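Colleague: I have a structure here, written as structure tokens, and I will follow up with some questions on it.
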Amino acid sequence: MFLFRLAFILLLLQCSSATGGYDLISYGVNTQYQLRYASETNYFESLRDLGSDYQSRAFFVEYENLRTILSDSNNRNLNFYTDPSALTERENYLLWEFCGSSKEFADHDFTFFLNDIQIELLSSSEFDYPFFKLGLGKKTFFPRKPAEEYVKSGSANGVLGCRRYLLISRKDMYQKGKNIFSIRFKPNKIVNFKFFYDKDFVKRYKPFFIDLGE
């Protein structure tokens, strides 16, 4: 019986290590789909101008997960710029989150590019993350219920407000190997993310590619 229990525990650990270690971003995407931050015109200027809680991150979204993300109950003020029912399996998507800014932006203040080709905005929405204080910083986590409820119950110290942008990217726009996703603020600010693609998003690319731009 002891050996059986030991084998069972080891099996659970193996399973959790194989599938765990990723933070949920929304139903339909987690941090294994996160694009690597590559560069920003001036990150410290962003902190000065946009607030100390400023952060931005981007994710690859597979076609079959689109509706799951759009139906997340924590989306607020969801705006569509293209009818999602008109989209087909020829598209994948890129998700950009812009969080913690003390400055108001309009959706048209941003333009989006994949490999220097402008791509179309599908939707924008507000999205709140609950957080708990971690030293001098804040650790956010995915809300499975309205974010404010975590604060009321004492399981979060506050809420970090974010804005989400979903971009349409046709599969034939991707390059085999390194791809660059760019967000350009008006007038002259650029944020770049990079990722690898080989008929699909490459989740663990380091063993397979040598990136001289690292």
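The values are calculated or read from the model by the stated rules, or taken from the named source; none is laboratory data. This one's a predicted model, so the numbers in the text were calculated from it and none came from an experiment. Heads up, the Cβs are rebuilt from the backbone with ideal geometry, glycines too, and the neighbour counts pull from every protein chain shown. To get the accessible areas, we keep the full protein, side chains included, count just its heavy atoms, and leave off ligands, DNA and RNA. Shrake-Rupley method; radii C 1.70, N 1.55, O 1.52, S 1.80 Å.
Colleague: Remind me, relative contact order of the range 81-214 in percent, using alpha carbon pairs under 8 angstrom and six or more residues apart?
Modeller: 29
Colleague: Consider the candidate values [x] 1.00; [y] 1.03; [z] 0.94; state which one is Rg/Rh (Cα atoms, Kirkwood Rh) computed from the structure displayed.
Modeller: [x]
Colleague: Also, quick follow-up: Specify the residue with the greatest mean-square fluctuation among PHE80, PHE60, PHE127, computed from a Gaussian network of the chain linking alpha-carbon atoms under 10 Å apart.
Modeller: PHE80
Colleague: Still on this structure, please answer the following. Which of the GluC sites (Glu not before Pro) found in the range 76-179 are in a DSSP loop and have at most 12 neighbouring Cβ atoms, other than their own, within 10 Å?
Modeller: Answer by residue number: GLU89, GLU104.
Colleague: Could you give me D for the range 63-140, from Stokes-Einstein at 20 °C and 1.002 mPa s, where the hydrodynamic radius is the Kirkwood radius over C-alpha pairs? Units µm² s⁻¹, please.
Modeller: Estimated via Stokes-Einstein, D reaches 144 µm²/s.
Colleague: Report the FRET efficiency, 1/(1 + (r/R0)^6), for TYR27 and ASN188, where r is their Cβ-Cβ distance and R0 is 35 Å, rounded to 0.05.
Modeller: Efficiency computed from Cβ-Cβ geometry: 0.45.
Colleague: Report the local net charge at SER26: Lys and Arg +1, Asp and Glu -1, summed over other residues whose C-beta lies under 10 Å from its C-beta.
Modeller: Surrounding charge for SER26 is -1.
Colleague: Using C-alpha positions alone, give me the convex hull volume of the range 86-183 per residue in cubic angstrom.
Modeller: 151
Colleague: Label points 7 Å out from Cα along the Cβ direction at ASN42 and SER153: separation in nm?
Modeller: Those two pseudo-labels are separated by 4.4 nm.
Colleague: So, one more: Computing the accessible area with a 1.4 Å probe over protein heavy atoms, can you report the carbon and sulfur percentage for the range 20-152?
Modeller: Accessible surface attributable to carbon and sulfur in the range 20-152 totals 48 percent.
Colleague: In straight Cα distance, which aspartates and glutamates are under 13 Å from LYS145, not counting same-chain residues fewer than 8 positions off?
Modeller: Correct list for LYS145: ASP72, ASP128.
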